[in-house]
Amino acid sequence: MRLLGNIEAKVDAKGRVFLPAVFRKALQTAAEETLVMRKDVFQQCLVLYPESVWNTQMDLLRSRLNRWNRKHQEIYRQFVSDVELLTLDGNGRFLIPKRYLRMADISQEVKFIGMGDTIEIWSTALTEKPFMEPDDFGKALEEVMTQEAQPPLPTE
């Protein structure tokens with residue numbers, strides 16, 4: 001499943017928004033019915049994880065953390081404590097709770113950005129400038145793509 005696209009939408013007065021059709025179709029094709037939403041760890045946006053992607057991430061995170069290490073438990077608790085399980089209604093809408101709207105500084109207009117296996121939801125105002133300046137982006141991409149490939153991490 002590849003979730004790709006950059007689509008603007010509006011949030012209604014109740015906090016509901018339509019998931020763009022291109023993402024709905026990809027999720028339906030992959031038989032994904034449930035989404036998990038949380039605030040991004042690094043950016044002021046929300047992230048929608050298809051349930052299977054969320055489960056894989058949770059397994060990977062848990063495999064790297066020791067239950068008997070206080071700091072590890074705090075990291076895990078912080079990551080999972082503020083998530084919202086979502087299902088789309090019959091019209092393809094879902095509710096963004098008010099606390100999430102505040103976390104991401106979202107008022108009415110949002111931008112959905114497909115990130116491959118997840119979907120980010122941004123306040124349109126925060127996406128008016130590029131995420132990176134073009135020269136910085138080119139240099140960073142060159143650096144990443146010329147590094148020797150690392151073996152993939154185990155997912156199970």
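The values are calculated or read from the model by the stated rules, or taken from the named source; none is laboratory data. All values derive from a computational prediction rather than experimental measurement. Note that each Cβ is placed from the backbone with ideal geometry, even for glycine, and that neighbours are counted across all protein chains shown. Only protein heavy atoms, including side chains, enter the accessible area calculation; ligands, DNA and RNA are left aside. Shrake-Rupley method; radii C 1.70, N 1.55, O 1.52, S 1.80 Å.
Structure data summary
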quantity	calculated
Test result for residue 36, over 19 Å from residue 4 (Cβ atoms), of a type in the set (A, V, I, L, M, F, W, C) and at pLDDT 95 or above	yes
Counted residues, region 139-156 - those being at pLDDT 90 or above, over 24 Å from the mean Cα position of the chain (by Cα) and of a type outside the set (Val, Ile, Thr)	3
Wholly within region 3-47, strands (runs of 3 or more DSSP E) carrying at least 2 residues that are more than 22 Å from residue 107 (Cα to Cα) and touching a residue at least 24 places away in the same chain (Cβ under 8 Å)	3-10
Residues that are exposed (fewer than 14 other Cβ atoms within 10 Å of the Cβ) and within 19 Å of residue 50 (Cβ to Cβ), drawn from region 6-21	6, 21
Residue that is farthest from residue 98 (Cα to Cα) [pool: residues in region 56-88 that are open to solvent by 90 Å² or more (accessible area, probe 1.4 Å) and assigned to a strand (DSSP E or B)]	87
First in region 101-116 and among the aromatic types (Phe, Trp, Tyr), second anywhere and part of a loop (DSSP other than H, G, I, E, B) and modelled with pLDDT of 95 or more, Cβ under 7 Å, 6 or more apart	112/20
Subset of region 96-117 (residues that are open to solvent by 50 Å² or more (accessible area, probe 1.4 Å), outside any helix (DSSP H, G or I) and either modelled with pLDDT under 95 or of a type in the set (D, E, K, R) (or both))	105, 107, 108, 109, 117
